[in-house]
Every structure is written in structure tokens, then in C-alpha cells.
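Below is one structure, written out as C-alpha cells; the observations come after it.
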Amino acid sequence: MTVISRLRAPTSILLKRRLTASRNSHGLPLAASLSARWLSNDTAAASNEGARYSDVLIVGGGVVGCALARQLNQRLPSLSVHLVEARDAPTSKPASSNEIPHPRSYALSPQSLDILGLLSSEETTSDEMANQDVKLGWYDAMQIWEARNPATLRFHADDLPFDEAKLDRPKMLGAVVEDGPLVRALWEKLESHPQTTISTNTTVQDLQLSSNGQGVVTVETSDNEIHQTRLLVAADGAQSPIRQRLGVKQAQWDYGRQALTFTVELSQDDRIPRTAYQRFIHGQEAGRGPLALLPTHSPRHAIVVWSTTPEMVKKWKETDDNNALIDHLQNLLQTGPQRLPPLVESKPGQVPPLLSNVLFGVERLLETVQDAGAMLAATNSRSWMAPPKLSKIVSPKLSFPLACRNVGQYHHASNRVVLVGDAAHTVHPMAGQGLNLGLGAVESLVESIVESEAVGMDVTYGLDSFLRKRHAANSSVIMGIHALHEIFAVQDNVPLMHAKSFGMNVMQQVGPLRRRIVQAATQGVVF
Amino acid sequence: MLSAVRQSHRRVFNSIAASLHRVRNRNSYIGQRYRGASSTSTSISQDEVSKFSGMDKDWWDPSFHPLIAMNPIRIRYILDIVQKQHSATTNHNNPNAPPLHNFKALDVGCGGGLLSESLARLGANVTAIDPSEALVQKAQEHAMQTGDPRLRNIDYRGGLSVEELAATEDDNHPLLFDVVCLLEVLEHASDVASLVQAASSLVKPDTGLLFVSTMNRTWKSHLLTIVGAEYIMGYVPRGTHDWNQYLAPQEVAQTMDGFGMEQVHVSGMVLTKPPLCGQWDWKLDGNDTDVNWIGAYRRRINPT
């Protein structure tokens, strides 16, 4: 009883503790000092009468949290799982089936679709998620280009290795999936599982670690419940209160950019080519940054994701003149690749006639080299293709800030607390990898728990090696995306632009390299 | 500093010299160890009890890693043998039932409860005994602390030898187990024969299994476990092991034979790579029983 009363610390003390947390440079000593103050006797806490026990406690009922709970239910049905969600349960299917896809959607790799049980295969049972509930806006090609660069990158599912086991599936690079139906479908499965319990409209008020790290984690929630768990998983989003509470530091690059996203109706009545488009925009007035046009499950709709300056996002989000926005984007998307500015600018009169002739020759030669890529691409029918035309905006315009963040490791506090999803890392949306990274970590976590359960070890056993490997793999992807963003942000440095164009041509024309990149992006194969 | 090094070298040398002496007198040595076998004696060595009771604080410390990392393959071995033994006799109605569901298991020399906890998580009803009261209390605390409900029913009994446990059984209520484990215990016992006799009397006659794991008495095991692990690398405290207490699989099989037990299977346990950076990665190796080994025994069907 004394422990419970000590748990309900007044808010002022909590606040003070959080302030200390922000000043503390090391993550773990904070937890240690806390537990020392709070908990003198571990066994007293373990025999805490009013506490609810669960083997795994997941905070956050988004896609990552739900996917983890679902995977645990499927692989280890006897394991008890408790899910804490700050919001309401997802509403059941709307009566009028709305065909317009919501812009809150994710680009998922085939591997992620597999983890979520969204790919039909021969072993599909009635237990699997029905595909009609969650619709896939799959794509088998990807086109990336810039206006002032003759090179175009065009990746196709044909670059993926032949896999006999997946012949019945559409060959795809990925699929766009709406958040709402996906979470709803996962949630329904969780609710029907006997070993899974869910608290909605509940937040974590405080958490407490045992002094030696071996014991259970005690969590106090806003519904005045005390939970005890062997493994606390924080899937509570980019602003993760649990991460902040533990004082875990993140490496961070703020892009000073925001993303604007909405659903558009296409003007043509024919089907959208199953292609994801991405154009890099330069120039202040156009709104620098990548502009993506993604296919959806509806052939008449596509989702626009425009990552640009906060001023641009504010201007276009607040405007009532949606037609002006459509015209602006139409213009950007319909502009194909153009010539590069000359590497060596020859100004008549400044150099002697003979040298200027040589310079002119060098310039032409360089231009030929750079254009050769585009010409080769045309012969392989991999040249630039104009995206479908946009007609009107048919959804609310949403915006979110962009940053690249990453924690040093996913497991903390003697492996009893794990950070997954946005709580651990966020990336620029240009590569569409954010959720894929989170689901990859979910897969590793489940794999580790399955292995330790098979030999009767505690869940913490083996967690370290599994998550360390996944963290290394994910971090290289995060750094890769960050580097790509920086490369494409280059716009005034002419030699660098030439180098980039040359690099893109090499990437496009060298088959093995291109295939390797496509595999890395879709199957989580790391170089 | 130098004198300390010299001293440690001298201790290594003395230890090796003593071992060599023992090897030369092997036959008489085994006789001497087994001579004490009688029904009333206990196999507990008081020196060992006080040595391990002193370790109760750091038993679950990850720095005690060699044994924690070895546990999964010991469990894999036990599950493998149990499944082979029971595949014909039992058919699980519930496919979700844990592999040792409804099994009665005895962990002799449970220490901090490493093996007992694993067996309990896999569904067994575990009785765990250890001569050290302090260690058993620590084990009990640890089981409660981890919060896992499957660990609440482990029957921990401190200060109890297997002979004393066996003495409590009477003909009307025989105390019998499906699985009896003597893992990493023989090398710490003062009277192996008495221990094996008592343990084998607790094994269910038809389907019960007795598991033993210990270290073989070879030059390789001396080099690796005493010189390497204790003196050079300091992975385990010096004096944890006494090479003279190690036993070869043949010796154990012979002792078992004397108490009506036959060997089912024996396998070596080897490290896949040198344990650098604290990474202990064990695997079962049927051919290499030179250092660590594990074996399974059962009651002979027709005692001769």
C-alpha cells in the first residue's frame, strides 16, 4: 500500500523530475537514481496486490503498436499483451463507403505488407486480414527527376529477383495504404484475442524501474491503474513521453521543412499508371523540396506529398484558391528533365579565341556524356514519362514537420524498455521508408521474444543482439535517406550538379547496381 | 604487481602439477571418490556451499554470462530428448500447450534458479533444491521479481540435499519426476555416487529422464576452464572449478549403470567462437565431449 501511495507522486514532483531529466546527459543514471528514491524493496513492488500484470505492455495503438501486438498474438498466443492508447478506439467502418482515399497514408514495402498480413499467399487463412478491408494502392514503378538535370531515375519491379513463391502476388515495389482502415483492421483482430487487453483514452502517468533492472517495470496510467510488465514497448510517437521520461537522447537534424499532403482527383478518366512519381524542385518561388505523386487503391485518385519550406506550406494550406495550387503543382509535375547549366561558361572576349574554342568543345563533350544517359534510357523505354494530370483537391490539406531523428539504441533500462517506430526514429518522407523501418524493428523484436520463449528464458534474453543488428541496419537506411536529401538539395553548385547527374545516369544504366538499389528499398536488403 | 603475477603463475603451475598427479593415480582416485557411497551420507561439500552462497548477489548479473548463455542449449537438449522419448506415448490435445506441460521436474543444485525458471516457463511443475539456503532465497526473490506468473509455483527448498529429498518418499506415495536435472552439479559434489543414486531413485520408472551435465577431465578442459577462464581471462572467479572433480561421460555412465540407469544420449557443448567482448555463443556438438558435455539417462527396462 505504501508503494502505491508513493507512486502517486504530486504533479509538481513529476515536473521537477522531468526537468532534471532534460538536464541529465546520460540516459540511464536518471532511471537508476529514480528507482533508488522510489523503490527500496523490489519484492514489495512485485507482490503489489492491485497491479495488473501483462507479459508485454505496449504504449501507443498506432500501426506499429498494433502490428507488434498482432504479431505477438499470432506467434505466441499464450503471452499476455496489454495495449495503452491515448485516443479513442478506431470507429467501426463508416456506413457510407467513402471511395476517396485519405491523405494519412503510408508507402509500404512488400516486406512490411507481409508483416502486416496484407499480401495474399497460398497459406492465407480466414484468420488473415481480408484484403477488401485494407485496400492496397500498389505500384510497380518509381520515377525520380529534377527539372535542371537531364538524368531520370526509373525503377521497376522487373528489377526484383524472380521469386517462384510469390508468383501469385502482383509484382510490386510497394503499396500505399491508408492509416484508418489499416489500424481498424488490426484493432479488430486484437480485440477478439483472449490474451490481449486494451485501455483506450489512457496515457502513461509515470513509470518505474526496479533498482537492479531485473524486476518488472511498473507503469501508472491515467485511469488509475497500476500495471506491471516484463517488457514495456514505447510506440508512442515522435514526441514519445516514455522516451523523454527515460531521458533517452536522439541524434537529430531538423530540416526546417514541412510536408503538405492531400488527395487529388485525376483529370483523366483512365487508370493511373501504377507509378510513384517524385520531382525535386529548386527555386524559392516554386517551393524547393521533393514533390511526390503517389497512386492509391482508387484509380481516379492520387496522393500529393510536398516537402517544402514552412512559408510555402503555410501559404498553400491556408489558401482557398485550390485551383491555383493545382495549377502550380501541375506545372511542376508536367515539366520534364532539362539541360544542365554549362559546367564551364565561356564568355566571348574574355578568353583568347583558341582557348574559347577548346572550352566550347569540352562543354559539348560533357553535355553529350550527360545526355547519353537520357538517350540510352529512351532506347530501353525507361525515359521520363509525364505523370497524369491533376483535376481538383478532394480532401483536407494536412501538414507535418520534417526531421531526421534516431536514438542510439532501441532497448533501454536492462532491456525492459524498448522504443519502436517514431518513438525511436523519424526520417524524411521522400523515400517512403518511415513505417517500413518501424515494422522492421517490430519483426526483430518479435523474433527475439519467440526465440527466448522457445528455451524458457526471460524476454530480455537475446533482445540485445537482435535489436542491435536491426538498429545498425535501420541507421544505415536513415543516414542514406538523409544523404540523398542533402544531395538533391544541391542547386547552385554547378560542378556538383554535373556530378549528381552523372551519378544518377550510372545508377540508372548499370543494371546490377540499379537492381541492388531496388532490392534494398523493397526488401530491406542492406548493402 | 610483478609479485602478484608471479604468484598467480605459481598457482597455475601448482594446479597443473596437482592435476597431473591425479591423472597418474586416476584409478585409485575414482575408487576413492566413489567409496563413500552409502545410503545415509550426503553428497554436499560444505566448502562448495559456502563458496556459492557468497555468489548470491551476482548470480543473475550478466557478468555471470557463461552459464546464462549456456542455458538455452541445455534446455534445447532437454526438450529434444524429452520429445523423442514422449513422441510415441503422449499426444498433445492442445497444440498451444507449452512443451513441458504437466511435467514434474526436479532441479538439483538450482543455485540462483536459472534452470528452474526456464523449466517453469516451459510448463513444468518444478521442485528446486540447493544446499545453500541463501542462494535459494535469492532464487525465490528473483522469480517473484520478474513478475512472470509461470514462476510463482516453483517449489524452492533450500538447505536440502537430494538424498534427504529421496528419503522423504515412501512406498505409498512415491516421489517421482518426469525430468530430474543434475546440471553443472557433479563437479561440485563431494560424493558423486551417492548423489547419482539418490537422483536416479527419483526418476519415473517408465518415461522419466535424468539429465547430467558437467565437464570432462581432459587436458583441454583444464586448459580452457581453469587456466583460460579462471586465471588468464578471469571470466569466472578463481577457484570456481576443481579440475579433479570433472568427470568423463564413460565414468558417469558406469556409475549410472550401477544404479540401474542406462545412457540414452550424450552430446558435447562447445563455444562457436572465442568469447570475446562477452559474447558467449554455445552450440551442441555430438562429437566433442572433451570439455562441457550433457547426457540423458533412463531406468533400464530389464535390470540385469
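The values are calculated or read from the model by the stated rules, or taken from the named source; none is laboratory data. All figures in this text were calculated on a predicted structure; none of them were measured in a lab. Quick reminder, even Gly has a Cβ in these numbers, built from the backbone with ideal geometry, and neighbours come from all protein chains shown. Surface accessibility is based on the protein's heavy atoms, side chains included, excluding ligands, DNA and RNA. Shrake-Rupley method; radii C 1.70, N 1.55, O 1.52, S 1.80 Å.
Numbers at a glance
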item	result
Accessible area of A:Lys171 in the full protein assembly, 1.4 Å probe (Å², nearest 10)	90 Å²
Percentage relative contact order, the range A:386-527, counting C-alpha pairs under 8 Å, at least six apart	18 percent
A:Leu266, A:Leu435, ranked by accessible area, largest first (probe 1.4 Å)	A:Leu435, A:Leu266
Shape of the range A:171-300, Cα gyration tensor, a/c cut at 1.5	oblate
Residue order for A:Arg468, A:Arg288 - accessible surface, 1.4 angstrom probe, largest first	A:Arg468, A:Arg288
Two-site label geometry, B:Val264 and A:Gln195: point separation in nm, points 7 Å out along Cα→Cβ	2.6 nm
Too-long pairs where the Cα-Cα distance tops 25 Å, listed order kept, from A:Lys317/A:Lys500; B:Lys84/B:Lys283; B:Lys84/B:Lys104	A:Lys317/A:Lys500
Distance in nm between pseudo-label sites at B:Leu276 and B:Arg157 (7 Å out along the Cβ direction from Cα)	4.8 nm
Using a Förster distance of 45 Å, the FRET efficiency for A:Asn224-B:Thr168 (Cβ separation, nearest 0.05)	0.40
Segment A:Gln244-A:Ala386, length gained on full extension (0.36 nm per residue, minus Cα span)	46.5 nm
Residue pairs, from the table A:Lys189/A:Lys392; A:Lys469/B:Lys220; B:Lys51/B:Lys273, whose Cα atoms sit over 32 Å apart	A:Lys189/A:Lys392; A:Lys469/B:Lys220
Taking the convex hull of Cα positions in the range B:155-211, its mean projected area over all directions (nm²)	4.3 nm²
Estimated FRET transfer efficiency when R0 is 56 angstrom, pair A:Arg516-B:Asn244 (beta carbons, to 0.05)	0.45
Accessible surface of A:Lys249 - all protein chains present, 1.4 Å probe, nearest 10 Å²	110 Å²
Sites A:Ala324 and A:Ala499, calculated FRET efficiency, Cβ-Cβ separation with R0 45 Å, nearest 0.05	0.80
Exposure of B:Glu133 as accessible area (Å², to 10), given a probe of 1.4 Å and all protein chains	120 Å²
Among A:Ser80, A:Val64, A:Thr91 the positive-end extreme of the charge dipole of the range A:47-92 (Cβ point charges)	A:Val64
Net charge over other residues, Cβ less than 12 angstrom from the Cβ of A:Leu108 (K, R count +1; D, E count -1)	-3
Cα shape, the range B:94-154, gyration tensor, a/c 1.5 rule	oblate
Cα gyration tensor shape for the range A:189-258, rounded if a/c is under 1.5, else prolate or oblate	oblate
